[in-house]
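In what follows, a structure is listed as C-alpha cells, so that the remarks can point back to it.
Bear in mind that the values in this text are calculations on the coordinates, not laboratory data. Please read these numbers as outputs of a predicted model, since none were measured by experiment. Glycine gets a Cβ as well: all are built from the backbone with ideal geometry, and neighbour counts include every protein chain shown.
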Amino acid sequence: MLKLHGTSKSRSARSLWALEELGLKYEHNPVAVPNAKSSDHLKVNPNGHLPALQDDGHVMWESLAINLYLADKYGKAPFWPSSPEGRGDCYKWSFFAMTEIEPSLMTLLTHRIFLPADQRDEKAAQQAVDKLKAPLKVLDDHLKGRDYLLGKDFTIADLNLSSVLSFALLVKLDMSATPAAQAWLQKCLGREANQRVRKMA
C-alpha cells in the first residue's frame with residue numbers, strides 16, 4: 001500500500017499530484033510542516049523534511065525523486081516515456097527544476113513572504129529575479145512550437161518542473177517576457193489532478 005506523508009501545503013503537493021495523475025490508490029498522512037521533525041516522522045524521513053513515501057516497505061524521500069520513482073514503477077507512455085531518450089529528458093528537466101529554478105524561487109519566497117518584513121532583503125530578492133531570467137528563457141525557447149516539454153503529451157517532466165515553478169505564482173513573479181513558459185505553466189497547473197490536490201489537507 002502506498003502512503004504519502006506530508007501536507008499539500010508543502011512540497012508534498014508535487015507527489016500528491018503525481019499519485020493523482022497516475023490514478024493510484026494511496027493513503028495520505030497530511031503531516032504539517034512544523035511536525036516534520038517529530039520523532040514519528042523522523043522514523044520515515046530522517047532528514048526531517050516533507051514529503052516521504054512508503055511503498056510496501058520501501059521508503060522514498062525528495063519530492064521529485066518520489067515522482068520519478070512513481071512514474072517509473074506505475075506509469076506508462078506517454079506519461080512515463082517508453083524510450084531511454086524520453087526518460088532521460090524527464091530526468092533532465094526534473095534536475096533543471098531543482099538546480100536552475102528552485103533555489104532562486106526559494107530566495108524570493110524567503111525575502112518576499114516567509115521572513116518578517118524587517119528581516120527581508122529586497123536586494124537578494126531582486127538578484128534572484130535576475131538569476132531566473134536565463135533559465136526561464138531556456139524554458140521559453142524550448143516550449144515555442146511545443147505543447148509540452150517532450151512534445152504533444154504531458155509527462156512527469158512537465159509535472160515536476162511546473163510544480164516547482166508554481167512558486168513563481170506565490171511570489172507574483174513577472175513572466176510576461178517568457179509567454180510560452182507562462183502559458184505552459186498555467187496549462188499544467190490547471191490539470192484536474194492538480195486541482196484535486198489543491199483542495200487537500
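I need the calculated FRET efficiency for the pair Ser39 and Val129, taking r as the beta carbon distance and R₀ as 25 Å, to the nearest 0.05. Computed FRET efficiency for Ser39 and Val129 comes out at 0.05.
Ranked by the mean number of other Cβ atoms within 10 Å per residue, highest first, peptides 116-126, 83-93, 163-173 order as 163-173, 83-93, 116-126. Computed from the C-beta positions of Asp56 and Lys76 and an R0 of 22 Å, the FRET efficiency is 0.65 to the nearest 0.05. Spatial offset of the stretch 166-188 relative to the stretch 14-91 amounts to 24 Å, using the alpha carbon center of each.
In straight-distance terms, cross-link reach from Lys137 covers every one of the aspartates and glutamates whose alpha-carbon lies under 12 Å from its own, apart from those fewer than eight places away in the same chain; here that gives Glu100.
Counting only lysines at least 8 places from Lys9 when in the same chain, those with an alpha carbon closer than 18 Å to its own are Lys37, Lys172, Lys199.
The stretch between Val138 and Lys92, if pulled fully straight at 0.36 nm per residue, gains 15.3 nm over its current Cα-Cα span.
Model label sites at Glu85 and Lys152, defined 7 Å from Cα along the beta-carbon direction, differ in position by 1.7 nm. Peptides 25-36, 97-108, ordered by how many other C-beta atoms sit within 10 Å of their residues on average, highest first, read 97-108, 25-36.
Listed cross-link partners Lys76/Lys152; Lys73/Lys144; Lys3/Lys76; Lys152/Lys187 are compared with a 24 Å cut-off, the Cα-Cα value being larger for Lys73/Lys144.
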